[in-house]
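See below for the structure under consideration.
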Ligand code: PRX
């Protein structure tokens with residue numbers, strides 16, 4: 001048996017012994033009494049009886065040996081600033097933020113919503129929350145008032161941390177008006193809003209509610225806020241993600257399991273060492289930002305780089321100039337970003353010395369072979385695909401090069417990671433597929449390993465009903481992805497089984513977009529599908545039935561309504577969710593029993609054969625779509 005195969009088997013066959021060993025990678029205030037309590041499947045409690053703190057493991061623990069080493073470097077090519085914080089400085093900033101949050105009334109167990117651009121204060125806020133046992137709920141800065149409002153309602157935060165604006169392509173993107181509107185829309189009102197004023201746009205402050213970070217920071221300049229030792233099972237944060245229904249789910253994560261899982265992944269998957277430098281180009285609004293911009297690298301005692309800006313501005317060499325300047329050892333990005341770079345000259349990647357890089361990890365969406373090959377040739381470092389989800393918090397499939405150096409197979413994110421009892425399930429009968437190269441639903445037998453979601457925030461029932469299926473004596477978690485596994489254990493991901501689409505690595509629910517579009521007064525009905533796109537992987541495309549089509553007789557009128565619908569999605573959900581096109585039809589393709597034929601619609605929109613249409617009510621419906629999208 002190879003070293004990794006043995007490691008994997010240990011994690012499955014001797015689960016508790018395996019994770020008890022991994023638990024030694026972090027600091028505990030009280031040692032756990034039990035490794036895993038799985039007495040109430042599918043709810044898994046990890047490291048029961050242990051007490052710890054995520055912020056302690058990310059910062060305080062390193063003060064002894066590396067107080068003056070840079071912990072966080074925040075680089076913005078939007079404002080042309082670079083700010084570096086040593087572990088000691090980060091420690092001080094986080095305590096100032098923690099003291100400010102406490103002054104605003106935040107207590108252990110309370111939620112704090114963070115709606116921030118990629119600036120250092122966003123990291124301070126996350127770390128400050130977990131320091132005092134409050135739960136953060138970061139909402140991606142690209143989301144607009146409607147999305148933000150539904151998350152405020154669900155999380156019921158005591159306080160919100162935000163900023164005057166983000167910036168994109170050199171242009172300020174105001175946040176504060178969107179936040180004010182979201183609070184207006186939400187039934188829940190936060191008691192306090194803490195605002196970082198970057199001086200990008202003017203802000204109107206609401207008296208009694210809004211506070212400026214600069215003045216609170218000043219008041220708490222010398223604050224000492226000890227870490228709150230919390231139960232291992234105490235939730236550290238919630239992070240919203242999309243699924244089949246319109247309402248986003250709050251993925252809830254624990255403290256001890258997550259800290260151990262990240263520490264273990266830094267060692268076994270990333271082969272990372274304290275003092276090295278990690279640069280993940282994601283956003284703190286996504287799970288990659290949580291695990292691999294903030295917590296994972298800091299837990300490992302690494303320097304982490306936070307980047308605000310585009311990969312191509314001021315030029316397509318900007319990321320590699322950062323790699324050279326900061327001697328980045330580990331880089332993490334998304335296939336879309338590579339496809340963007342691919343449009344530029346490969347010489348940008350040769351201009352800088354990237355010899356410090358051990359590898360480039362890519363995740364979030366399928367990594368197509370030509371893209372993998374291009375970046376591999378251009379950078380001359382290993383390219384490592386990794387597959388996981390907001391729900392899992394760390395990779396399900398990849399290569400564990402810290403355990404054993406393994407070969408990348410382009411097109412495959414790799415092998416099942418230790419702790420994940422990955423199975424492929426035949427959707428028709430729920431049976432496990434055991435032969436190579438059979439297509440099934442990628443599933444994980446419970447318990448999920450440490451670090452994965454505990455439940456859906458305040459909705460255990462939704463957690464069980466959404467993700468889990470019982471088969472006699474066991475419970476199986478569905479990833480909602482199709483996959484196959486070859487004879488050597490390499491997996492291939494073949495797309496989602498549900499209505500989730502993946503636009504430039506951003507996970508979006510088509511139902512959310514449909515709800516937004518159908519709230520337009522002249523839209524009776526709409527279907528949104530994901531359509532393959534050479535740059536973004538997928539784009540959303542909408543097919544809408546107008547209530548009153550009498551005015552839509554020419555292109556100008558149709559374009560006007562299309563523009564209105566797009567604007568509506570922009571203001572409600574954010575530009576990330578905006579469909580690439582909104583086509584108007586008189587009828588949507590449905591079965592005789594009235595079920596929307598999404599797959600057929602998607603196939604036609606992608607100019608593929610829609611397959612068996614015997615159940616279709618009105619064949620003319622698909623013909624209209626064909627005519628609109630062209631051949
Ligand atoms: O469909 C899979 C796709 O993205 C989904 C999870 O998205 P999210 O919750 O945003 O988490 C991203 C964490 C990296 C998955 O269900 N996906 C993610 N990584 C890959 C992928 N599809 C193919 N290959 C990948 N490497």
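The values are calculated or read from the model by the stated rules, or taken from the named source; none is laboratory data. None of the values given here were measured: they were computed from a predicted structure. Note: ideal-geometry Cβ built from the backbone for every residue, glycine included; neighbour counts use all protein chains shown.
Report whether or not residue 445 is away from the ligand (no atom under 12 Å from the Cβ), over 23 Å from residue 413 (Cβ atoms), at pLDDT 95 or above and over 20 Å from the mean Cα position of the chain (by Cα). Before you say what the answer is, go through the steps one by one.
Numbers: away from the ligand (no atom under 12 Å from the Cβ): yes; over 23 Å from residue 413 (Cβ atoms): no; at pLDDT 95 or above: yes; over 20 Å from the mean Cα position of the chain (by Cα): yes.
Judged against the criteria, residue 445 is not a match.
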*asked:* For the range 502-513: of the residues being touching a helix residue (DSSP H, G or I) at 6+ places or on another chain (Cβ under 6 Å) and near the ligand (Cβ under 9 Å from one of its atoms), which is modelled with the highest pLDDT?
replied: 506
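Table: residues versus (1) over 23 Å from the mean Cα position of the chain (by Cα); (2) within 29 Å of residue 315 (Cα to Cα); (3) crowded, with 17+ Cβ neighbours inside 10 Å.
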{"site": "80", "(1), (2), (3)": "yes, yes, no"}
{"site": "84", "(1), (2), (3)": "yes, yes, no"}
{"site": "112", "(1), (2), (3)": "no, no, yes"}
{"site": "120", "(1), (2), (3)": "no, yes, yes"}
*asked:* Go through the range 411-431 and report how many residues are more than 16 Å from the ligand (Cβ to nearest atom), assigned to a loop (DSSP other than H, G, I, E, B) and in contact with a helix residue (DSSP H, G or I) (Cβ under 8 Å, 6 or more places away or on another chain).
replied: 2
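Return the total of residues in the range 373-386 being more than 11 Å from the ligand (Cβ to nearest atom) and either touching a helix residue (DSSP H, G or I) at 6+ places or on another chain (Cβ under 8 Å) or part of a loop (DSSP other than H, G, I, E, B) (or both).
Selection size over the range 373-386: 9.
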*Given the conditions (1) away from the ligand (no atom under 16 Å from the Cβ); (2) crowded, with 18+ Cβ neighbours inside 10 Å; (3) outside any loop (DSSP other than H, G, I, E, B), and given that residue 450 satisfies all but one, which numbered condition is not satisfied?*
(3)
*Does residue 195 satisfy the criteria of being assigned to a strand (DSSP E or B) and crowded, with 17+ Cβ neighbours inside 10 Å?*
yes
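Considering only residues that are more than 17 Å from residue 628 (Cα to Cα) and surrounded by fewer than 18 Cβ atoms within 10 Å (Cβ to Cβ), which ones fall in the range 534-559? It would help to see each step written out before you state the result.
As a first pass, look at the range 534-559 and keep what is more than 17 Å from residue 628 (Cα to Cα): 534-538, 547-548, 550-551.
Result: 534, 535, 547, 548, 550, 551.
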*Examine the range 402-410 for a residue that is over 18 Å from residue 311 (Cα atoms), within 15 Å of the ligand (Cβ to nearest atom) and touching a helix residue (DSSP H, G or I) at 6+ places or on another chain (Cβ under 9 Å), and state whether such a residue exists.*
yes
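Determine whether residue 136 is in a strand (DSSP E or B) and either at pLDDT below 95 or over 22 Å from residue 309 (Cβ atoms) (or both).
The answer is yes for residue 136.
So which of 358, 350, 343 is at pLDDT 95 or above, away from the ligand (no atom under 13 Å from the Cβ) and more than 30 Å from residue 235 (Cα to Cα)?
Working: 350 fails: at pLDDT 95 or above; 343 fails: at pLDDT 95 or above.
On inspection, the qualifying residue turns out to be 358.
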*If you go through the range 476-494, how many residues are surrounded by fewer than 18 Cβ atoms within 10 Å (Cβ to Cβ) and more than 12 Å from the ligand (Cβ to nearest atom)?*
4
_Name the residue that is farthest from the ligand (Cβ to nearest atom), counting only residues in the range 316-340 that are free of Cβ contacts under 8 Å to residues at least 40 places away in the same chain and either closer than 22 Å to residue 395 by Cβ or part of a loop (DSSP other than H, G, I, E, B) (or both)._
317
